Each structure stands twice: as structure tokens, then as C-alpha cells.
Amino acid sequence: MKNRYSNVTAQKRVAEWLLPFVLFIISTVVFESSLFAQQKDLKIAGREAVESSVVFRYPLEVPMSLSGNYGELRGNHFHSGIDFRVGGVSGAPIYATERGYISKITVSPTGYGNALYITHPNGYVSVYGHLQKYAEHIQKYLVDKQYEKESFRIDLEFSPEDFPVEKGELVAYAGNTGSSGGPHLHFEIRNENNLPLSVLEHGYVDATDHLAPVLNRVDFYGYVNVFGAPRTFRIQRPRDASAAIKVPQYFYVAIDAVDKMEGTHAKLAVNEYKVYLDSDLVFHLTIGEVPFEESKYINSLIEYSRRHNERKSAIKTYVEPGNLLSSKIERKNDGIIFLPDTLPHKVTIELLDYKRNKFVKSYNVRRDDSLYIDKIKARPQGTHMAWYMANVYERDGFRISIPPASLYRNIYFNLDSAESRITPFAPVWRVHTGEVPLHSGATIQIAYNGPDSLASKALVASCGANGRLYGIGGSYENGVVKAKISTFGNYTITLDQDAPEIIPNFKNGAVLRGNAVSFVIRDRLSGIGSYRVEIDGHWVLARFDAKTARLTVPLKEARIKRGITHKLQITVIDNKGNQTVVKRNFKW
Ligand SMILES: [Zn+2]
């Protein structure tokens, strides 16, 4: 017995001793085979394969003309795709850029409007935005889904077997849906990590570009950082363009430039910005490819005060501490240029486009602190806020809460109020200045001085320079109206007691010959919360276009009998619960 026992023990011991080795061998084999598999995958997804087996074709048949390029500096984002002209009208057929399958369809009254996503064999996804409509069989499937869900707005995902597509297959028609300023095709190619790629730079779609970027304007800004928050000010340039620009010891430049390309008047994106002090490179930005999550940091990359005041985007060399795009920037002293002496120096600006066409210009500068001594010495007014902290400020019935890293740099926060001539429910609060961006917004609370009976209709509004109020949103709670704001500016409280407006394009009892009825629906302050159109008591699909405020019901899709009189009812409710119902009969 003892012997047997010890035998078992010995076997067990051997097994225990061997086990790590066995596991090691197994894991090595598994690891290596997974490594092998990974390498194979990489090879399929890699550039080589993209260029050989997966070649993206130009998705239209109209001659290629760009109205927008990848990386353009737009409001709150970089343009993530390329815009193709379609001859000024909707309806140009769109062909799949490569074989694959339709993986997603989204329909929205804003943004991409009607959009289509095709996943390709290498994992890349091509995206087609602002579509008028889809190819017939897809359109039919979509409308069925919209009826099933009783929703115009929709987000559908598909498996590879649902809608496989061949390269060059007709998939959709170009249009002007969503946030689009005219018929065009917004086209993107994203990699397997949803990173939008630079279509032209990768050569997926070929375009000729022998033209260098064009400089619109360069501004010089003084920079002072003595009280724990940097302050900047624009420098007056001398009338004589060849005369030296007098700058303080610390300054930066902001470059407003676009790229040009043959065959289009479009203002395209410059890809590389280089700034030299004499022969020293002090700033080098390559915009390259920007993930969607980082796109909003554009507000830190540009001189935001100019964006706010003139709607122009100029890349500044000063790199703020909260700018997460800073990994794209090589720089000295965070892009703040320092002149150690009062000798003449040269600031040189070099701009490059995707095809390496180059623009160069130099400026003479000379340090003269005497001109700026007041600005350099002035003690800032307001309350210090550190960009990386949560900041809360409260005074006289106003409260603001700014989350950490919503500011890109430290500020001295200012708050003022003025009696309002527009609304009796609160003063107008001047909340810092719109020249300073907020990355993730802030929450404000304003004390409400109106009757309790109307409190449910109260909302925060921003006050335009023209004296008009623009509804922001929010709601009443414990004596205050609380709302999220995305920018600093002037805010107050107003009430929305007005029901939405509905303007049909046909008279009651009309005999309709067209294939659609439409309505303009509007709500002045709180905005449209929901709408519903019924014909003969059943929900019907009504397409909403936010930019024109038009709601369109295609009668052919409405699943109603022809040649009889129908009862139509449209209900629109705003975000404060005010409701309008319009009933109309028509014969079709
Ligand atoms: Zn676009």
C-alpha cells in the first residue's frame, strides 16, 4: 500500500513537475499560431494588400471634382472625408467603391442625413453621406423597417450575408440630406479601427494637385504668463509690409491658409505647417489623420478668438496644455517663440499639401517690450481656474460648473450681469467670453424670478448680438433653471409657451396630383421634441430635413388606397410640451 501510494505520489509529482513545461509548450504553440494568424490578418489588412487586392474606385460617374477635402478645418471638427461635386442636383448614381457588404444604414434629419456604410474584405469601411435615397431593394427594406419601428430616424446594422455588394454596383443616389449645403457626395474610407483615412493621400482616389497652398493671413500674438494663466493679445502689424513687426519677448503666430488644387475653387486642407525662427524649427504640425474622438481638439489647435469673431480658422503655434492633438506637433517651448535680444530676426512659415507642394514666406521681427509693457504688467481680473481641475463658481443666483479639461488652459474667469429688456425672469448673465473655447461644455444654473405656474415652460436661452434669444434648453428645478452650455457667452431665462407652427403645402379637401405632401414645422424657442403624421389613423413615414424645417410624406410609400379621400393628422410637440395638431382631408 505504501509503495503504491508513493508511486501515485511520484507520478503526481512528475506530472506536477512537467505541467509547467507542457503548458509552456502548448501556450507557445498557441501563441505562435495566433501570431501566425495575426500576421496573416495583418497582411490581408495591410497597405500592400490594400493596394493589390482591394483598390477603391471613384464612386461616381460624373467627372471628378472636389468641393471639400479631408482634414479641412471646420466648426468643432476636422472634415473626416472628401466631398465630390455631383453637378448641383440630387440623383447622381453612386457605385460601391470596392466589393464587400452593406454593414450599416443610418437616417437622420441632421449630420450625415441618409448614410450608407460598406465593409470591405480588408476590414476597411467606405461611407457615403447626404444621400438622396438608396438603391431600390435597399430602399424598400429600409422603408419596411421604418414602418415597423414607426420611426423616420433609424440606425440599422447588417451581417455580411444580408446585402453583399460587388465593386461598381449601384448602391445609392447622391443628395443633400442632413447637414449639407447643397447636393454632393460626402465620401470616407475608415480603417478597421474606425479611423477616417485621408482618401487622397492614400491614393485610393486619384486627383491632380500641382498647386501650392495659399496663405490668407498671418497674425502675431503677444504672450504673457505671469499670474498662473497665460494671456494673449493680437499685435498690430506695420503698414509697410517689409518693415519689422515689433513683438514682445514672447509671442506666437496664427496661420490662416488653404490648399488649392487643379479643377476646383474649393478651399482645401493644408497638411503640414512649419514655423522657423531664423533657421530653428520652432513648430511643426502634420495634421495627418484625426480619430473622431480627438476631432474637437481642433478648437485648441486654432486661434479660437478669431474663429469666434470672424468664423476663420487659423492654426496657432502656441500649444495649450489641454490639447490632446499635441502628439502631432513637434515644437520648442510649446510653440511660444522667444526673442533673447533686440536684434533683427526672421519668422519663416512653410506650408505643404498632401502632394508636398510647398509655400514659403518670411517676416522680419524685432523685440520691443516697451510697446507692450502695460499688457505685460497688468494684473488679470477675475477668478483663477486651472484647466485640469473641476471648476465651480457661484454668485447672486448664478452658478457654473466646468468639468476638468473642458478648458484647454488656465483662465481668469469673469462673470457680469445686466438687467434684461427681453425677459423679466432673470438678468442677462455675461459668462466669461465666447473667445475662449469649452471642450466638453459646462453646466449653468440661473435663479428663476417668474411665477411657479409657468416654471415648467422655462428654459435657458442665449442672447444674440441682435437682441434675439436662441433656446438652449434645460429645465426648472428648486428655484433655478439648469442647462448644459457648449460655449461661454450671454445667457438668460425665457419661457416657451407657444405651440409649434405647422404650415401644410396643400389646402383642406385638395385633390392631389403629386406624389408627396409636405409641411414646414417650426418651434421658436425650445425646439421640436417629436412629431407624428397619420393618414386614415395609421402612422406614415414622414422625412424630416432639419435645415429647411420641412417634413415630407411620400404618398407612394404611405400604404394607402388610391383615388379616395384620406384623413391626415399631424401632431407636433415642442420640448416644453406645447402641442399643435393639424387635420386635413385630401383626395389622392
Ligand atoms: Zn463632407
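The values are calculated or read from the model by the stated rules, or taken from the named source; none is laboratory data. Treat the numbers as computed from the prediction; the structure is a model and nothing was measured. For neighbour counting, all protein chains shown are included, and Cβ atoms are generated from backbone atoms with ideal geometry for every residue, glycine included. Quick note on the areas: whole protein, heavy atoms, side chains included, nothing else; ligands and nucleic acids left out. Shrake-Rupley method; radii C 1.70, N 1.55, O 1.52, S 1.80 Å.
Brief remarks follow.
- Take the Cα of residue 310, step 7 Å toward its Cβ, do the same at residue 216, and the gap between the two points is 0.8 nm.
- Probe 1.4 Å, protein heavy atoms only - accessible area per residue of the stretch 262-415 in square angstrom: 48
- Descending Cα extents along the principal axes, the stretch 372-411, whole Å: 35, 26, 9
- Ellipsoid fit via the Cα gyration tensor, the stretch 59-157: semi-axes of 23, 16, 15 Å, each the root of five times an eigenvalue, largest first.
- Dipole magnitude for the chain: computed about the Cα centre from +1 point charges on Lys and Arg Cβ and -1 point charges on Asp and Glu Cβ, it is near 1040 debye.
- Average accessible surface for the stretch 528-588: 51 Å² per residue, computed with a 1.4 Å probe over protein heavy atoms with every protein chain in place.
- For the stretch 133-277, the convex hull spanned by the alpha carbon atoms encloses 256 Å³ per residue.
- Cα centroid separation - the stretch 358-433 against the stretch 129-160, whole Å: 46
- Across the stretch 305-438, the convex hull enclosing all Cα atoms gives 188 Å³ per residue.
- Expressed in units of 2.2 N^0.38 Å, where N is the residue count, the Cα radius of gyration of the chain is 1.22.
- Relative contact order, percent, the chain [alpha-carbon distance under 8 Å, six or more residues apart]: 10
- As a rough guide to protection, the peptides 424-431, 142-149, 389-396 ranked by mean Cβ packing within 10 Å, highest first, stand as 424-431, 142-149, 389-396.
- With 28 Å as the limit, the listed pairs 104/312; 149/507; 484/547; 104/547; 246/274; 312/457 have 104/312; 149/507; 312/457 beyond it between alpha carbons.
- Under 18 Å from the Cα of residue 332 - aspartates and glutamates, other chains or at least 8 residues apart: 272, 278, 280, 320, 341, 350
- The relative contact order of the stretch 483-569 comes to 27 percent, based on Cα pairs under 8 Å that sit 6 or more residues apart.
- Here the stretch 228-307 was treated as a single set of alpha-carbon atoms; its pair distances binned every 5 Å from 0 give 3, 9, 15, 21, 21, 17, 9, 4, 1, 0 percent.
- Which of 552, 531, 520, positive extreme of dipole for the stretch 494-574 (C-beta unit charges): 552
- Sorting 190, 584 by accessible area puts them as 584, 190; the probe is 1.4 Å, largest comes first, and only protein heavy atoms count.
- Once the gyration tensor of the Cα atoms in the stretch 476-578 is diagonalised, the equivalent ellipsoid follows with semi-axes of 35, 13, 11 Å, ordered largest first.
- Of 585, 94, 471, farthest towards positive along the dipole that unit charges on Lys, Arg, Asp, Glu beta carbons give the chain: 585
- Distance between the stretch 278-342 and the stretch 185-238 - C-alpha centres, whole angstrom: 9
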